[in-house]
Every structure is written in C-alpha cells, then in structure tokens.
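Asks: Sharing a structure here in structure tokens format.
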Amino acid sequence: MSDKSKPATWRLVIAFIFDLIGSFAGFGYVIATITGDTTDGGFELTGMPALILFAVVIAYMVLMPRFGGRLFQRLLRAR
C-alpha cells in the first residue's frame, strides 16, 4: 500500500473554488489594466479581453497541476 493518503474531499472542493475565483480576479485585473478596462469598482471585461481571460483561466486550471499544483492546492495541501 502507498504511504500517501488522499486529501479530504472538502479540501479539494475548497481549493478548486478558491483557485477559480482567485484566478478570475487576478488575471482579470491584469488583463483589464493592460486593456484599460478598469473601473472605480474593479474591472469590466467584454469582447476579446473577456475571451482572453477565459482562455487564461482554463489554461491555469488545466496546466498548473502538471507543474506542481495551483496556488490553493498547495496552500490547502489538496494535491
């Protein structure tokens, strides 16, 4: 048997939710700053910048586990 035990399901779910929300907020703000779509309350992306945001978030969620894990996966030890 393996010495490694699987993390609790709640850790996996919470890590996924936090990674998804954090990546949308973080990458969204960076893209909005670059494209000039920031507002007083944050940012508002439409059209091509929004599509770029979706592509970057999907790439982050899919590719980062292959390179050691996403941010909240690491923080919550949910790998």
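The values are calculated or read from the model by the stated rules, or taken from the named source; none is laboratory data. These numbers were taken from a predicted model, which means no experiment stands behind them. All Cβ positions, glycine included, derive from the backbone under ideal geometry; neighbour counts span all protein chains shown.
Asks: Restricting to the range 1-24, what's the tally of residues that are over 16 Å from Q73 (Cβ atoms) and modelled with pLDDT of 95 or more?
Replies: 1
Asks: Another one. Condition test on R11, is it touching a residue at least 12 places away in the same chain (Cβ under 8 Å) and either in a helix (DSSP H, G or I) or surrounded by 13 or more Cβ atoms within 10 Å (Cβ to Cβ) (or both)? So that I can check it myself, show each step before the final result.
Replies: Numbers: touching a residue at least 12 places away in the same chain (Cβ under 8 Å): yes; either in a helix (DSSP H, G or I) or surrounded by 13 or more Cβ atoms within 10 Å (Cβ to Cβ) (or both): yes.
For R11, the condition - touching a residue at least 12 places away in the same chain (Cβ under 8 Å) and either in a helix (DSSP H, G or I) or surrounded by 13 or more Cβ atoms within 10 Å (Cβ to Cβ) (or both) - is met.
Asks: Among the residues of the range 65-79, how many are touching a residue at least 12 places away in the same chain (Cβ under 8 Å) and not aromatic (F, W, Y)?
Replies: Of the residues in that region, 9 qualify.
Asks: Quick one: would you say I31 is modelled with pLDDT of 95 or more and touching a Pro at 6+ places or on another chain (Cβ under 7 Å)?
Replies: When the stated conditions are applied, I31 passes them.
Asks: While we're here: So how many residues does the range 27-79 have that are in a helix (DSSP H, G or I), over 30 Å from K4 (Cβ atoms) and not aromatic (F, W, Y)?
Replies: The number of residues fulfilling the criteria is 15.
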